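Notes for the one structure printed next.
The values are calculated or read from the model by the stated rules, or taken from the named source; none is laboratory data. As the structure is a prediction and not an experimental result, all values here were calculated from the model. Glycine gets a Cβ as well: all are built from the backbone with ideal geometry, and neighbour counts include every protein chain shown.
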Amino acid sequence: MPAMKTPAWKITKLLLIILICFSILGCGIEKMKIDEEDMVGNVSIIDIYDNIEFDPRFKVDFGFGCVIKLGRETILFDSGSDSKVLLENLKLAGIKPKEINIVVLSHEHQDHTGGILGFLEKNPSIKIYVPESFSPYLKNEIASKGAEIIEVSKPIKITKGVYSTGQLGSLVKEQSLVINSKKGLIIVTGCAHPGITNIVKKAKELFKKEPYLVIGGFHHPPISVVEEFRKLNVKKVAPSHCSGSEIMEAFERTYQKDFIKSGVGKIIKI
């Protein structure tokens with residue numbers, strides 16, 4: 001008995017179903033296409049909270065936080081350990097809490113979230129982007145102050161030219177910021193628990209552009225990270241907070257003029 005042939009329309013229908021399923025599941029691959037016009041020009045980053053000193057007028061305390069100015073938008077990325085220190089340093093920098101209209105918290109550790117509740121007492125009507133993995137307790141505490149919480153799991157756009165990598169890592173889930181500047185990607189990290197090179201690779205994978213600057217806590221990576229950064233075409237580096245003096249010295253030796261000495265009170269303009 002001759003074998004029966006499957007009609008062409010049934011094969012086409014089956015292929016369409018497979019393609020739809022592949023699209024929905026994504027096979028674990030996250031991609032984000034950025035419009036070339038979705039870019040920012042002038043960027044100013046102020047290290048507002050750090051355990052490394054730069055400007056002696058500012059109070060040094062363990063933790064990290066920075067303010068990113070992008071024309072009409074002003075973002076607070078992490079809030080350090082203590083709201084009193086955060087607010088004092090903001091005042092020294094000439095930044096009023098109500099000038100800030102977006103907050104992004106990288107991960108749920110005290111040295112990055114401890115200042116947020118006191119900050120919200122000065123500016124409660126604000127959007128706060130937090131990893132989805134944040135504890136219900138902290139999310140409720142933030143919401144009780146009047147802030148709008150936006151939970152982040154996958155990469156998302158935050159505002160013009162500014163994106164979250166989405167929460168990365170396993171033991172400590174963390175998000176980083178990626179700013180699409182005219183000079184290249186600016187990657188801002190809190191503590192880089194998922195691995196600083198993994199974060200840079202993720203940013204390049206998502207945005208298909210070269211990294212211009214990586215700034216923030218690098219979490220004591222091995223010395224080999226310096227050469228890995230070179231291979232990833234990272235133009236400039238500004239490690240601080242939890243990076244470690246050994247790795248900062250190694251970056252300074254290799255990067256020379258493209259190494260930016262950072263610490264609380266440092267202002268980087270791009």
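Report whether or not Ile11 is at pLDDT 65 or above and either surrounded by 10 or more Cβ atoms within 10 Å (Cβ to Cβ) or of a type in the set (Gly, Ala, Ser) (or both). So that I can check it myself, show each step before the final result.
Values: at pLDDT 65 or above: no; either surrounded by 10 or more Cβ atoms within 10 Å (Cβ to Cβ) or of a type in the set (Gly, Ala, Ser) (or both): yes.
Against the criterion (at pLDDT 65 or above and either surrounded by 10 or more Cβ atoms within 10 Å (Cβ to Cβ) or of a type in the set (Gly, Ala, Ser) (or both)), Ile11 does not qualify.
Only one residue in Glu174, Glu132, Glu210, Glu148 is modelled with pLDDT of 95 or more, acidic (Asp, Glu) and buried (at least 19 other Cβ atoms within 10 Å of the Cβ), so which one is that? Lay out the reasoning, then the answer.
Details: Glu132 fails: buried (at least 19 other Cβ atoms within 10 Å of the Cβ); Glu210 fails: buried (at least 19 other Cβ atoms within 10 Å of the Cβ); Glu148 fails: buried (at least 19 other Cβ atoms within 10 Å of the Cβ).
Every option except Glu174 fails the conditions.
Out of Ile187, Ile179, I need the residue that is within 19 Å of Gly41 (Cα to Cα) and in contact (Cβ under 8 Å) with a residue 40 or more places away in the chain. Which one? Let's see the steps before the verdict.
Numbers: Ile187 fails: in contact (Cβ under 8 Å) with a residue 40 or more places away in the chain.
After applying the criteria, what remains is Ile179.
Going through region 76-95 one residue at a time, which ones are over 24 Å from Thr159 (Cα atoms) and either in contact with a Leu (Cβ under 7 Å, 6 or more places away or on another chain) or part of a loop (DSSP other than H, G, I, E, B) (or both)?
Ser81, Asp82, Ser83
Among Ile215, Ile199, Ile186, which is hydrophobic (A, V, I, L, M, F, W, C), within 15 Å of Phe77 (Cα to Cα) and either touching a Leu at 6+ places or on another chain (Cβ under 7 Å) or at pLDDT below 95 (or both)? Even if it seems obvious, please write down each step before you answer.
Numbers: Ile215 fails: either touching a Leu at 6+ places or on another chain (Cβ under 7 Å) or at pLDDT below 95 (or both); Ile199 fails: within 15 Å of Phe77 (Cα to Cα).
Selected residue: Ile186, the only one of Ile215, Ile199, Ile186 that is hydrophobic (A, V, I, L, M, F, W, C), within 15 Å of Phe77 (Cα to Cα) and either touching a Leu at 6+ places or on another chain (Cβ under 7 Å) or at pLDDT below 95 (or both).
Note down all Cβ pairs under 7 Å where the first residue falls in region 239-264 and is within 21 Å of Asp55 (Cβ to Cβ), the second is among the acidic types (Asp, Glu) and crowded, with 18+ Cβ neighbours inside 10 Å, and they're at least six residues apart or on different chains.
Short answer, once both residue conditions are applied: Ser240/Asp47; Ser240/Asp50; His241/Asp50; Ser262/Asp47; Gly263/Asp47; Gly263/Asp50; Val264/Asp47; Val264/Asp50.
List the strands (runs of 3 or more DSSP E) that sit entirely inside region 140-251 and contain at least 1 residues that are in contact with a strand residue (DSSP E or B) (Cβ under 6 Å, 6 or more places away or on another chain), of a type in the set (Phe, Trp, Tyr) and farther than 17 Å from Val130 by Cα.
Details: elements: 148-152, 156-159, 162-164, 177-181, 184-189, 211-217, 236-240.
By residue number, 211-217.
Would you call Leu120 assigned to a helix (DSSP H, G or I), modelled with pLDDT of 95 or more, in contact with an Asp or Glu (Cβ under 8 Å, 6 or more places away or on another chain) and surrounded by 14 or more Cβ atoms within 10 Å (Cβ to Cβ)?
Details: assigned to a helix (DSSP H, G or I): yes; modelled with pLDDT of 95 or more: yes; in contact with an Asp or Glu (Cβ under 8 Å, 6 or more places away or on another chain): no; surrounded by 14 or more Cβ atoms within 10 Å (Cβ to Cβ): yes.
It is false that Leu120 is assigned to a helix (DSSP H, G or I), modelled with pLDDT of 95 or more, in contact with an Asp or Glu (Cβ under 8 Å, 6 or more places away or on another chain) and surrounded by 14 or more Cβ atoms within 10 Å (Cβ to Cβ).
Residue check, Lys5 against (1) in a loop (DSSP other than H, G, I, E, B); (2) modelled with pLDDT of 95 or more, all met but one. Which one?
Only one criterion in (1) in a loop (DSSP other than H, G, I, E, B); (2) modelled with pLDDT of 95 or more is unmet by Lys5, namely (2).
Looking at this structure, is Gly265 at pLDDT 95 or above, under 12 Å from the mean Cα position of the chain (by Cα) and either over 23 Å from Ala93 (Cβ atoms) or not polar (S, T, N, Q) (or both)?
Values: at pLDDT 95 or above: yes; under 12 Å from the mean Cα position of the chain (by Cα): no; either over 23 Å from Ala93 (Cβ atoms) or not polar (S, T, N, Q) (or both): yes.
So Gly265 does not fit the description; no.
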